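The values are calculated or read from the model by the stated rules, or taken from the named source; none is laboratory data. Remember, it's a predicted structure, so these values are computed and weren't measured experimentally. So basically every Cβ, Gly included, is an ideal-geometry build from the backbone, and we count neighbours across all protein chains shown.
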């Protein structure tokens, strides 16, 4: 389907918080399971883990700390050597993904966690990941697609990205810094899609989380890393139930 949409709605974010959810596991798979088809394309998250621990311990946030957090939460996306096709990117340019609410980032990353781990296969024991939600200030006028009921099904298609990739490329080519779009994973959630890093500033770690995926049931239990309290319990069978049925 051709993406012939009139961009007649916009929303101004004036130093408003947006949220990005990053994997804290050291190694190449650090940051972009929210973005990429697989996590093998991103740099190490060891700095993120170090900075999170330092901030939690009550140490002062220095200029160096701020720079590191900005590199981790923002610039790492725009500086990688290879970009992969994503919902609003065809792989020829970088796309930064976040959400207007931190809970939406959890739904998005839970989906990608299940998809990746089930794709690898051979899992029987629970799988744990440690994540951080970054709060970043955004100042930009964004194309607003969140109220586009005429194209809602295509904008939030759970599998096919051709339509949204056309939209993303057009918006970027027209010089817009980014867009707001409905989440495909959380009903009522809204995502932030950005093509320029200079509209983001002042990152800080908002929360640290532990994800635990039970392969047999596709349940992802998300707990606060500090209090150990349950934040969300997400039933991945709604997305990948066919995989459990095939095992029976």
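Residues in the range 206-234 that are touching a strand residue (DSSP E or B) at 6+ places or on another chain (Cβ under 8 Å) and touching a residue at least 60 places away in the same chain (Cβ under 8 Å): 18 in all.
Residues in the range 151-163 that are outside any loop (DSSP other than H, G, I, E, B), surrounded by fewer than 20 Cβ atoms within 10 Å (Cβ to Cβ) and either in contact with a strand residue (DSSP E or B) (Cβ under 9 Å, 6 or more places away or on another chain) or touching a residue at least 24 places away in the same chain (Cβ under 8 Å) (or both): 151, 152, 154, 162, 163. Checking 148, 221 one by one, the residue that is surrounded by fewer than 21 Cβ atoms within 10 Å (Cβ to Cβ), at pLDDT 95 or above and more than 16 Å from the chain's Cα centre (by Cα) is 221 and no other.
Take residue 215 and decide whether it is over 30 Å from residue 151 (Cβ atoms) and surrounded by 17 or more Cβ atoms within 10 Å (Cβ to Cβ). It is true that residue 215 is over 30 Å from residue 151 (Cβ atoms) and surrounded by 17 or more Cβ atoms within 10 Å (Cβ to Cβ).
Please specify each residue of the range 100-124 satisfying the condition of being surrounded by fewer than 20 Cβ atoms within 10 Å (Cβ to Cβ), outside any helix (DSSP H, G or I) and either touching a strand residue (DSSP E or B) at 6+ places or on another chain (Cβ under 9 Å) or on the phi > 0 side of the Ramachandran plot (or both). Answer for the range 100-124, where residues must be surrounded by fewer than 20 Cβ atoms within 10 Å (Cβ to Cβ), outside any helix (DSSP H, G or I) and either touching a strand residue (DSSP E or B) at 6+ places or on another chain (Cβ under 9 Å) or on the phi > 0 side of the Ramachandran plot (or both): 101, 121, 122, 123.
Being out of contact with any strand residue (DSSP E or B) (no Cβ under 9 Å at 6 or more places or on another chain), crowded, with 17+ Cβ neighbours inside 10 Å and not in a strand (DSSP E or B), is that true of even one residue in the range 164-171? Checked against the condition, which is being out of contact with any strand residue (DSSP E or B) (no Cβ under 9 Å at 6 or more places or on another chain), crowded, with 17+ Cβ neighbours inside 10 Å and not in a strand (DSSP E or B), the range 164-171 yields at least one hit.
Look at (1) at pLDDT below 90; (2) closer than 18 Å to residue 172 by Cβ and you find that residue 42 fails only one, number (2). Scanning the range 180-192 turns up no residue that is surrounded by fewer than 18 Cβ atoms within 10 Å (Cβ to Cβ), touching a strand residue (DSSP E or B) at 6+ places or on another chain (Cβ under 8 Å), farther than 26 Å from residue 129 by Cβ and modelled with pLDDT of 95 or more.
Somewhere in the range 11-28, is a residue modelled with pLDDT under 90, out of contact with any helix residue (DSSP H, G or I) (no Cβ under 9 Å at 6 or more places or on another chain) and on the phi < 0 side of the Ramachandran plot? Taking every residue of the range 11-28 in turn, at least one turns out to be modelled with pLDDT under 90, out of contact with any helix residue (DSSP H, G or I) (no Cβ under 9 Å at 6 or more places or on another chain) and on the phi < 0 side of the Ramachandran plot. For the range 126-138, residues that are within 20 Å of residue 235 (Cβ to Cβ) and either free of Cβ contacts under 8 Å to residues at least 24 places away in the same chain or in contact with a helix residue (DSSP H, G or I) (Cβ under 8 Å, 6 or more places away or on another chain) (or both) total 3. Collect the residues in the range 196-221 that are assigned to a strand (DSSP E or B), out of contact with any helix residue (DSSP H, G or I) (no Cβ under 7 Å at 6 or more places or on another chain) and closer than 27 Å to residue 168 by Cβ, keeping them in residue-number order. Answer for the range 196-221, where residues must be assigned to a strand (DSSP E or B), out of contact with any helix residue (DSSP H, G or I) (no Cβ under 7 Å at 6 or more places or on another chain) and closer than 27 Å to residue 168 by Cβ: 201, 202. Scanning the range 232-243 for residues that are modelled with pLDDT of 95 or more and out of contact with any helix residue (DSSP H, G or I) (no Cβ under 7 Å at 6 or more places or on another chain) yields 233, 235.
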